[in-house]
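Asks: What follows is a single structure, and I will ask about it in a moment.
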Amino acid sequence: MEKAGWDEFEIGTILRTFEGAIRDIATTLPEDRAYSQSSTFNSSVADWRIEKPLFNKDYCIDCQFCWIYCPDTSIIARDKKMVGIDFDHCKGCGICAQVCPTNPKSLLMFSEQQDEDIALEQWPKKEKKEKEAGED
Amino acid sequence: MADSMELRDIEVWDGNMAASQALRQVQVDVVAAYPITPSTPIVENYGSFEANGYVDGVFVMVESEHAAMSACIGASAAGGRVATATSSQGFALMVETLYAASGMRLPIILNVVNRAIGAPLNVNGDHSDMYLGRDSGWIQFDAYCPQDAYDLNFIAFKVAEDHDIRLPAMVHQDGFMTSHTAQGVHTMSDEKAYSFIGEFQPMNDMLDLDHPVTHGVQTEEDWHFEHKARQQHALMTATIPKIQEAFDTFEKYTGRKYNLVETYKVEDADAVVVCMGSSVETTMEVVDELRAKGMKVGVVGIRVFRPWPLEQLAEVLKNVKAIAALDRSSPHGSVGMLFNEIAGTMFNTDTKAVLTNYIYGLGGRDLTKAHLVSVFNDLKANADAGKPTTPLQQYIGLRGPKLSFF
């Protein structure tokens, strides 16, 4: 954001989310919203991240757990289908991978430098459920 | 729609009732309060007005003064007309949030009924809490009597809510001496009083859902300085003219005239006492008595404490030979605040008056006329000698060996 002088911004410690007035914002997709420059939507916090989640759509059941649990609304979903991750705002907390219920998980944490194609190639296989004592 | 209240032209009100009637008449939307002596009746009365249908507002009970001001900040940011009251220890607990209110440019009105700050714990009046607020970025008005407490509330709303200002304001009155002393107060009708302020004009309010806005954001070294500078600019350039304008309009409304710096018989005075609060009126009586004996004395009352009326005060004091700054707060390690402010005001002018400092009235100790006569006698000696004949800082009304410094 441009650094304005002391007399060049609105008074009070305020930031506006959108440019101009908004209507029906709940039904407007984020990419279609007129987010202001000062909105956090337009500022990347990617460099806060040490680990990143990667998404393997082969195993995803679109349960939306990750979308609900993500504290930074960084799970991109459209029409109730998991699409991917917003890496400008994901801080790498790992909650999405933690709550993912599939076997193997459809979201796993990797180091920030991990190549995505290699990660997908080496994705873990389905784990055999160990039988518990007394079960059969 | 709130019921209107029939008032007599002159009501017998103490300072607390005067302030709460003003809050009723401007139809404050939200009062969030944690009552504390001696300001309790202000919010108690508002609560009673609200419960009996005389205000279309909300009284929010909270768990501390910190929470009280925090709730006021939220209500003000949401777009309401907001006020509360406090004193002393409660004011001290509120301090953190006072800075938030002014930095967020929220026009909250805080009635401060001045009271000592412990230890030792004390419920009586001095100016310790008022002085504690002086760097918080609020406009500070000082009432000397219940009439002032009533009138200055209207002035405070008028100035604070103006979109060129948007700064919170305190209306101070002396604990018990003003807050609990009933006097005749000239009133305005509900209709006339409300029309002086008019309907609240929101600005960047959070309830404007078409224009979402985040209030109270964080800034670091790249923005904080600019925000503070902007706030100081509003206080230093826009506020004094706006207060003067409000005083002028108010005079047309009511015939009652207020000034940034109040003066009594100062024009030809050699010796002048500068003080605040109920002491101003006591000093006026002493001035009359000493004038009758031929002494050229006067009194200056600071009406607007922040922003400091530097130019106006320098003008008023330009021909004076000896000045006493009377501080009703322990400066704890320096000269009194008024001494410092007056010294800063006069230092670069051509006036070479002798300036001395008196600490008085702590914890509700009376300032008697005899004390003031002795101050004026000191000032006369200083004026005649052209230099201080006493220590720079003296204590008056104190038991034990005479205490003075510098």
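Asks: Of the residues A:Lys52, A:Lys105, only one is of a type outside the set (S, T, N, Q), surrounded by 17 or more Cβ atoms within 10 Å (Cβ to Cβ), in contact (Cβ under 8 Å) with a residue 60 or more places away in the chain and more than 11 Å from chain B (Cβ to nearest Cβ); which?
Replies: A:Lys52
Asks: Of the conditions (1) out of contact with any strand residue (DSSP E or B) (no Cβ under 8 Å at 6 or more places or on another chain); (2) surrounded by 14 or more Cβ atoms within 10 Å (Cβ to Cβ); (3) within 11 Å of chain A (Cβ to nearest Cβ), B:Met177 satisfies every one except a single condition; which number is it?
Replies: Every condition holds for B:Met177 apart from (3).
Asks: Quick one: is A:Ile85 in contact with a Gly (Cβ under 8 Å, 6 or more places away or on another chain), under 15 Å from A:Pro30 (Cα atoms) and either surrounded by 15 or more Cβ atoms within 10 Å (Cβ to Cβ) or not aliphatic (A, V, I, L, M) (or both)?
Replies: No: the conditions fail for A:Ile85.
Asks: Follow-up question, since we're still on this one. Would you confirm whether or not the stretch B:211-229 contains a residue that is charged (D, E, K, R), more than 7 Å from every other protein chain (Cβ to nearest Cβ) and in contact with a strand residue (DSSP E or B) (Cβ under 9 Å, 6 or more places away or on another chain)?
Replies: Checked the stretch B:211-229: no residue is charged (D, E, K, R), more than 7 Å from every other protein chain (Cβ to nearest Cβ) and in contact with a strand residue (DSSP E or B) (Cβ under 9 Å, 6 or more places away or on another chain).
Asks: Considering every residue within the stretch A:3-14, establish whether at least one is buried (at least 17 other Cβ atoms within 10 Å of the Cβ) and either aliphatic (A, V, I, L, M) or more than 14 Å from chain B (Cβ to nearest Cβ) (or both).
Replies: Yes - at least one qualifying residue is present in the stretch A:3-14.
Asks: Any chance the stretch B:299-307 includes a residue that's assigned to a strand (DSSP E or B), at pLDDT 95 or above and over 19 Å from the mean Cα position of the chain (by Cα)?
Replies: no
Asks: Okay, next question. Considering only the stretch A:15-38, state which residues are touching a strand residue (DSSP E or B) at 6+ places or on another chain (Cβ under 8 Å), closer than 29 Å to B:Ala229 by Cα and facing chain B (nearest Cβ under 9 Å).
Replies: Result: A:Leu15, A:Arg16, A:Thr17, A:Phe18, A:Ser38.
Asks: Right, here's the next one. Please identify the pairs in which a residue from the stretch B:158-171 that is within 12 Å of chain A (Cβ to nearest Cβ) and surrounded by fewer than 24 Cβ atoms within 10 Å (Cβ to Cβ) has its Cβ atom under 8 Å from the Cβ atom of a residue that is assigned to a loop (DSSP other than H, G, I, E, B) and polar (S, T, N, Q), counting only partners at least 6 apart or on another chain.
Replies: Listed pairs, sorted by first residue: B:His163/B:Gln201.
Asks: Is one or more of the residues making up the stretch B:243-262 surrounded by fewer than 23 Cβ atoms within 10 Å (Cβ to Cβ), among the aromatic types (Phe, Trp, Tyr) and more than 23 Å from B:Pro146 (Cβ to Cβ)?
Replies: No, the stretch B:243-262 has no match at all.
The values are calculated or read from the model by the stated rules, or taken from the named source; none is laboratory data. This is a predicted model, so every value here is computed, not measured. Cβ: placed from backbone, ideal geometry, glycine included. Neighbour counts: every protein chain shown.
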